[in-house]
Each structure stands twice: as C-alpha cells, then as structure tokens.
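For reference, the structure discussed in these notes is given below.
Values in this text are rule-based calculations from the coordinates and carry no lab data. All values derive from a computational prediction rather than experimental measurement. Because the Cβ atoms are built from the backbone with ideal geometry, glycine has one as well, and the counts that use them run over all protein chains shown.
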Amino acid sequence: MADTVQFDLVSPERLLASVEAKQVQIPGAEGDMTALPDHSPLITTLRPGLVRVSGSDGEKEYVVTGGFAEINTDSISVLAERAIPREEMTNEAFKALIDEATDKLAKAQDVYQNEPGPVDEAAKLLADMVAMGDEIGVSAN
C-alpha cells in the first residue's frame, strides 16, 4: 500500500493545491468522508464545507461551496464550484457567500412556488453554508 496519494484541488479561478497527501477529508453530499491511498474508486458531489488535506507539510484546510470529488487508488481530484484557503476566509467573504445563497433561495421560492425540489435544494445550500460558518468560526453578521 502506498503511503501517499496525489491530491489536486481546482476551482474555476485557479489550482489551489497539488500535493502528495496522506489523507483527505471531503464534505460529501451524503456525509463527510476520509479518502486514503488505495481507496476504492468513487465519484461524489460535494456540499459546502471544509476539505482537509494531511500531508508531509502538515494539515491544510480549504472552504468549498460545492462541486465534485473523484477518488481513485492513486489520486484524489476535487473540482470545486468555489474554493478558498481557510486562512483567507473572512467574515466579509463569508457574508458574500451567505448573501448569494439567500438570493438563490428567494429566486427559487419565486419561480418554483408549487415545486418543492428546487426550493428545498436552495434551502439546504443556505443551511449548509451557515453550518460551515459555525464550524470554522466566521459569521455573516
């Protein structure tokens, strides 16, 4: 069994990480998961949360707002809608994310008045964003 796995984190704006990792914690849509070297192949969607990467340089955290993760035996790729290094997440940046999620919910409520699916998805996105803020200690206030 290999000791490390190639980890890449990409957002539309930039490549945030490309490192050898011992483990990667991912906020999967179905729940948090930890991927290790020789993990069974898997593709999952992401919910808002923290991606934690442990490697020879220590642990690094990234805030993600959604996206996909592809896990293979020798590599882990996270394609994030948005990704921000944890140390760069400020209250102002978090407020902008919350405001965007709130706008999505309001629009879904206007457009899909008798269709709960899109409204429920937008409400869950907002709830996940708020929970993530609580976890990392930032506030939209």
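Annotations
- Pairs of Cα atoms farther than 11 Å apart, segment 89-136, %: 64 percent
- Degrees, to the nearest 10: 116-136 long Cα axis against longest axis of the chain: 60 degrees
- Rounded tilt (10° steps) of 91-111 against the dominant C-alpha axis of the chain: 50 degrees
- Relative to the globular-protein estimate of 2.2 N^0.38 Å, the Cα radius of gyration of the chain stands at 1.11.
- Segment 1-102: GluC sites (Glu not before Pro) in DSSP coil with no more than 14 other Cβ atoms inside 10 Å: Glu13, Glu30, Glu81
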